[in-house]
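Visitor: To start, I am sharing the structure in question, which I have written as structure tokens.
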Amino acid sequence: MIAVMAHDQPYGHAMDSYSLSAAAKINLYLEVVGDRPDGYHELVMVMQSVGLADRVTVRRTNVPTIRLRCDHPQVPTDATNLAYRAAALLQSRFPQAAQQQGGIEITIEKNIPVGAGLAGGSVNAAATLVGLDLLWQLGLTQIELQTLAAELGSDIPFCIAGGTAIATGRGEQIDTLHGLDGLYAVLAKSPTLSVSTPWAYKAYRQAFADTYRDVKTAGKTRQERLHSSPMMTAISQQDGPAIGRHLHNDLEKVVLPAHPDVAAVRAVLEAAGGLGTLMSGSGPTLFTLTNSRAEAETIAQQMRSRYAESELGLWVAPFLPSSLQLVEG
Ligand code: C5P
């Protein structure tokens, strides 16, 4: 679940703070199956952690409150922040530990763009759960952490596990796959545009509700279909070009027409010569896959000369085997 540096002793004597690197995710596949009785959408997805990461530090304080610090102007530091809610959830589930341990300070150093379809807020919450589990020495299992994570948001259980995984249900049911090595994503995002996930799903429902299937029966069928699909064969064979050919995201059908500028960047990125191009999650971040860092850098450079730095955020991000890494105790 979490890669720990050799010099750290997370379950030894209690430390006063833990810092975690918390990596973004992209969706290699996202299929909307239909409406669930709980108001969410039934999804079949393939998720992948990539090397564009925030740093999340949780610290014990003497004041019995939760304090969140983040210097990114678009990130709220109150109880609407998912990381804040993660800390509040642990306080309410483990009142004795909360009382003994005092207050919590969470510091988020933001590198993952906000409202981007890269699960930045979700991975901050996942890092807070894991960091507090270490700080308070709760000894929670991965399943226990993922169950708590699912209460906070659909993408957060994946962010606890990270790597390469199939996500089903509303996205919270995770089936970890053998990791993909040696692949890179060139990520491209307009610095000014963010897309609201609730908006994207609502727009999808408005446009495609007539294609929705009964999720009770179709959810399983779709999962089985994914398991025997060319995408899964490509993943199990670590076949980058085939993965690139079978990238798919249903939400592109509503987000791209609503944002023609994103569609235009997608076309340029696709023409730049990678293995395949897709929008991640509810967007607007686009990515193109490559088999090597050198190819990824070449494409990023090409995009940089086409678009000024201020017009398009560009990152070269390797595929990672996990999303959370303890970087400092
Ligand atoms: O679970 P999370 O809070 O991340 O979801 C944000 C919003 O995205 C939900 O309130 C819902 O509108 C939409 N969503 C959905 N179906 C999913 C996941 C998210 O409709 N499986």
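Visitor: What are the pairs with Cβ atoms under 6 angstrom where one residue, in the range 17-41, is more than 22 Å from LEU286 (Cβ to Cβ) and assigned by TED's automatic domain parsing to the domain that holds PHE208 and the other, located anywhere, is within 14 Å of the ligand (Cβ to nearest atom) and open to solvent by 10 Å² or more (accessible area, probe 1.4 Å)? Sequence gap at least six, or different chains.
Guide: Correct list of pairs: empty, since none qualify.
Visitor: Restricted to the range 14-55, and to residues that are more than 21 Å from THR107 (Cα to Cα) and of a type in the set (Ser, Thr, Tyr), which residue is most open to solvent (accessible area, probe 1.4 Å)?
Guide: The qualifying residue most open to solvent (accessible area, probe 1.4 Å) is TYR40.
Visitor: Would you mind finding the one in GLY171, GLY163, GLY153, GLY240 that is touching a Gly at 6+ places or on another chain (Cβ under 7 Å) and modelled with pLDDT of 95 or more?
Guide: Criteria check complete, one pass: GLY163.
Visitor: If you don't mind, there's one more thing I want to ask. If we only count helices (runs of 4 or more DSSP H) wholly inside the range 34-151, which ones have 1 or more residues that are more than 30 Å from PHE319 (Cα to Cα)?
Guide: Result: 82-93, 95-101.
Visitor: While we're here: Answer with yes or no whether LEU129 is more than 16 Å from the ligand (Cβ to nearest atom), buried (at least 16 other Cβ atoms within 10 Å of the Cβ) and of a type outside the set (Gly, Ala, Ser).
Guide: Against the criterion (more than 16 Å from the ligand (Cβ to nearest atom), buried (at least 16 other Cβ atoms within 10 Å of the Cβ) and of a type outside the set (Gly, Ala, Ser)), LEU129 does not qualify.
Visitor: Another question, if that's okay. Which one of LEU145, LEU118 is out of contact with any Gly (no Cβ under 6 Å at 6 or more places or on another chain), touching a residue at least 12 places away in the same chain (Cβ under 8 Å), buried (at least 16 other Cβ atoms within 10 Å of the Cβ) and over 30 Å from TYR307 (Cα atoms)?
Guide: When all the criteria are applied, what remains is LEU145.
Per-residue answers, yes or no, for (1) surrounded by 21 or more Cβ atoms within 10 Å (Cβ to Cβ); (2) free of Cβ contacts under 8 Å to residues at least 40 places away in the same chain; (3) within 11 Å of the ligand (Cβ to nearest atom); (4) in a loop (DSSP other than H, G, I, E, B):
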{"site": "PRO157", "(1), (2), (3), (4)": "yes, yes, yes, no"}
{"site": "ILE160", "(1), (2), (3), (4)": "yes, no, no, no"}
{"site": "ALA167", "(1), (2), (3), (4)": "yes, no, yes, no"}
{"site": "GLY171", "(1), (2), (3), (4)": "yes, no, yes, yes"}
{"site": "ASP175", "(1), (2), (3), (4)": "no, yes, no, no"}
{"site": "GLY179", "(1), (2), (3), (4)": "no, no, no, yes"}
{"site": "ALA185", "(1), (2), (3), (4)": "yes, no, no, no"}
{"site": "ALA188", "(1), (2), (3), (4)": "yes, no, no, no"}
{"site": "PRO191", "(1), (2), (3), (4)": "no, no, no, yes"}
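Visitor: Something else: Which numbered condition trips up ALA150, out of (1) more than 16 Å from the ligand (Cβ to nearest atom); (2) surrounded by fewer than 21 Cβ atoms within 10 Å (Cβ to Cβ); (3) closer than 27 Å to GLY103 by Cβ?
Guide: (1)
Visitor: A further question on this structure: Looking at the range 98-110, can you tell me whether even one residue there is of a type in the set (Lys, Arg), open to solvent by less than 80 Å² (accessible area, probe 1.4 Å) and within 23 Å of the chain's Cα centre (by Cα)?
Guide: Scanning the range 98-110, I find at least one residue that is of a type in the set (Lys, Arg), open to solvent by less than 80 Å² (accessible area, probe 1.4 Å) and within 23 Å of the chain's Cα centre (by Cα), so the answer is yes.
Visitor: Could you tell me how many of the residues in the range 205-248 are away from the ligand (no atom under 16 Å from the Cβ), open to solvent by 70 Å² or more (accessible area, probe 1.4 Å) and under 26 Å from ARG266 (Cα atoms)?
Guide: 3
Visitor: Looking only at the range 296-311, decide whether some residue is buried (at least 19 other Cβ atoms within 10 Å of the Cβ), in contact with a Phe, Trp or Tyr (Cβ under 8 Å, 6 or more places away or on another chain) and either β-branched (Val, Ile, Thr) or within 19 Å of VAL195 (Cα to Cα) (or both).
Guide: Looking for residues that are buried (at least 19 other Cβ atoms within 10 Å of the Cβ), in contact with a Phe, Trp or Tyr (Cβ under 8 Å, 6 or more places away or on another chain) and either β-branched (Val, Ile, Thr) or within 19 Å of VAL195 (Cα to Cα) (or both), one finds none in the range 296-311, hence no.
Visitor: Considering every residue within the range 271-293, establish whether at least one is touching a residue at least 24 places away in the same chain (Cβ under 8 Å), in a helix (DSSP H, G or I), surrounded by fewer than 21 Cβ atoms within 10 Å (Cβ to Cβ) and among the small types (Gly, Ala, Ser).
Guide: Checked against the condition, which is being touching a residue at least 24 places away in the same chain (Cβ under 8 Å), in a helix (DSSP H, G or I), surrounded by fewer than 21 Cβ atoms within 10 Å (Cβ to Cβ) and among the small types (Gly, Ala, Ser), the range 271-293 yields no hits at all.
Visitor: Another question, then. Only one of these is over 20 Å from GLU252 (Cβ atoms), at pLDDT below 95, among the hydroxyl-bearing types (Ser, Thr, Tyr) and not in a helix (DSSP H, G or I): SER310, SER305. Name it.
Guide: After ruling out the rest, the residue left standing is SER310.
The values are calculated or read from the model by the stated rules, or taken from the named source; none is laboratory data. Keep in mind that what you see is a predicted model, and the values were worked out from it rather than measured. Cβ coordinates were reconstructed from backbone atoms using ideal geometry, including for glycine residues, and neighbour counts include every protein chain displayed. Only protein heavy atoms, including side chains, enter the accessible area calculation; ligands, DNA and RNA are left aside. Shrake-Rupley method; radii C 1.70, N 1.55, O 1.52, S 1.80 Å.
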